[in-house]
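To start, the structure itself, in structure tokens.
What follows is calculated from the coordinates using simple rules that are stated; it is not laboratory data. The shown structure was predicted, so the numbers you read here are calculated from the model rather than taken from an experiment. Heads up, the Cβs are rebuilt from the backbone with ideal geometry, glycines too, and the neighbour counts pull from every protein chain shown.
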Amino acid sequence: MKVVEDQLFVIIGASGDLTARKLIPALFALYVRKLLPEHFAVLGVSRTAHTTEHYRQSLRKALEGIPEGRAGGDRLDGFMKLIYYLPLETSDPQCYGDLGKRLAELGEQYQTSGNCIFYLATPPVLFGRVAGNLHTAGLTRHPSGWRRIIVEKPFGYDLQSARSINRQLLDCFPEDQIYRIDHYLGKETVQNIMVTRFSNGIFEPLWNRNYVNHVEITSAENLGVENRGGYYDGSGALRDMLQNHLLQLMAMVAMEPPTRISANAIRNETLKVLQSVRPLRLPEVEKQVIRGQYTGSSYRGKQYISYRQEKGVRADSHTETYVAVKLFIDNWRWGQVPFYIRTGKRLPARVTEIVVHFRPTPHKLFCFDEGRFNADNQLVIRIQPDEGLLLKLGMKVPGAGFNVQDVNLDFHYADLVREPLPEAYQRLIVDCMQGDATLFTRGDAIEQSWDIVDPILRAWADNPDIPLHGYPAGTWGPAQADSLIEGESYTWRYPCRNLVDDGLYCEL
Ligand code: BG6
């Protein structure tokens, strides 16, 4: 394992939700697992006028809400001592002298050799300004240490804004100091896509247009927009999930083997996949993209409000809470193989998975139980929950004749490790601390993903008559999405919480 050098971790925008919900719990979990460097401290910076003491108290409360926090009195006390706070007007360049001074003091006190990560937990409109202020104040470099910056999605609003954010960041930091988080890449099961493909000889020969009929990628959520209506209404499912997390999953499934496991080798291959996606023009958007919005419903005695009734959402909103697309990757491996990708809120289950459908046998010898001839073999890569792998095969039903039945060969991560899989942020933060950018998205890939999505956004904006289908909360989205799938015998898989179950009915 690479060494984690001594360092300071500075969170800019530290009084927000992300810090309390994700960053501090991840840092605390790393502290408990003894993965933080020996000399280490956290400095929270934001406009709110906290004192360090008060800030520690507010974070302690957040940590007491998580299992590790509830268990650890002494550990919690020890961790709290590493946290400091500096009130600062983050958009005002004049204030960055104070930040420089505080960094020097803490650096001295903790002997962190000038090493420092700046985590921007601010809205993306501030990325450029904050990076610029750090740069002008001379904080992006240090004579004896390194400086890195982490930014979070949403990374822009469209191709143009993503380019502009990239330019602003690159004016202040070289690419190898910039870490762009897509938290899906921090999930163990997402990393396992590469391991499954490239450490097993049996998959790779089949992993192409000759043997794969189509690929499905689903990320379903049973929750609605919760308290994020204001943000979500300006974003929608396409920008919120598909442009980033789901295109990254597709790139992992479709990439060529990298020359080695290194940040650039892997990122070069995923970029090539994104570059090969067949561009969508208006006619393709009309045929290959289905959008929907959830309507109110009652399900098992519980009432669910419609999206338009959610807090922060416009009463006449046309924002999609569901999107399904059919994409083609025009290269030698994947020519003419459809990739179906869908995501939505208020669907029947919280499930993210990839299903690789293999072509059926060329000659249909046997009859399946339900009178069907042959079914496709499917490899299901389950990202969450019940993380694991499932292979669907046809087997003989015992007894007379040659009736065949679908059976499951399944592996569950829970059988491999007892503890729950580490949270994505833990892995990503440690990687950045070690200077390993493998699981972070490079600027060119982000722009390329926007390039895929931009024509859809434009088509919707310019053609309001492209339908936005309503779907009752708790259903699998608009029925029209079924018509995307080519071939009469194919439909989406309707997954349940348990990997091996599928079917139309799951609990909301
Ligand atoms: C975030 C989106 O990036 O990912 C959310 O903004 C979404 O809307 C979340 O709920 C899903 O992440 P996960 O890890 O729960 O699948």
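What separates the Cα centres of segment 442-500 and segment 252-312 is a distance of 7 Å.
What order do you get for L389, L242 when you list them from fewest to most C-beta neighbours inside 10 Å?
Details: L389 17, L242 27.
Ranked by crowding around the Cβ, least crowded first: L389, L242.
Comparing S113, L389, N192 along the charge dipole axis of the chain, the residue lying farthest to the positive side is S113, per the Cβ-charge model. Dividing the Cα radius of gyration of segment 376-508 by 2.2 N^0.38 Å, with N the residue count, gives 1.48.
Think of each Lys and Arg Cβ as +1 and each Asp and Glu Cβ as -1; about the Cα centre, that makes the dipole of the chain roughly 180 debye. 3J(HN,Hα) couplings calculated from phi for segment 427-434 with the Karplus curve 6.51 cos²θ - 1.76 cosθ + 1.60 (θ = phi - 60°) are, in sequence order, 4, 5, 5, 4, 4, 5, 4, 8 Hz; Gly and Pro show x.
Evaluating kT/(6 pi eta Rh) at 10 °C and 1.306 mPa s, with the Kirkwood radius of segment 108-152 over Cα pairs in the Stokes-Einstein relation, gives 140 µm² s⁻¹.
For the chain, the residue among I202, A265, V45 whose Cα projects farthest onto the positive side of the dipole built from Cβ charges is V45.
Only beta bridges with both residues in the chain are counted; by DSSP, about 55 percent of them are antiparallel. For the chain, the C-alpha radius of gyration sits at 1.03 times the compact-globule guess of 2.2 N^0.38 Å, with N the residue count.
Within 10 Å, at most 10 other Cβ atoms, and a DSSP state outside H, G, I, E, B define an exposed site. Report the longest part of the chain free of exposed chymotrypsin sites (Phe, Trp or Tyr not before Pro).
Details: sites that count: W332, F402, Y505.
It works out to 1-331.
Here r is the Cβ-Cβ distance between H318 and E486 and R0 is 25 Å; the resulting FRET efficiency, rounded to 0.05, is 0.30. The GluC sites (Glu not before Pro) of segment 6-71 that meet both conditions, a loop assignment by DSSP and at most 11 other Cβ atoms within 10 Å of the site Cβ, are E38. By other beta-carbon atoms within 10 Å, ranking D415, D431, D240, D17 with the fewest at the front produces D415, D17, D431, D240.
Full-extension gain between V3 and H469, please, as 0.36 nm times their residue separation minus the C-alpha to C-alpha distance.
Working: separation 466, 0.36 × 466 = 167.76 nm, distance 5.16 nm.
Going from the current span to full extension adds 162.6 nm.
Between Q303 and R209, the distance separating the two model label sites (each 7 Å from Cα on the Cα→Cβ line) works out to 5.4 nm.
Listed from fewest to most Cβ neighbours within 10 Å, the set I150, I290, I193 follows the order I193, I150, I290.
Per residue of the chain, the DSSP helices (runs of n ≥ 4 H) give a summed -39500 (n - 2.57) that works out to -9000 deg cm²/dmol at 222 nm.
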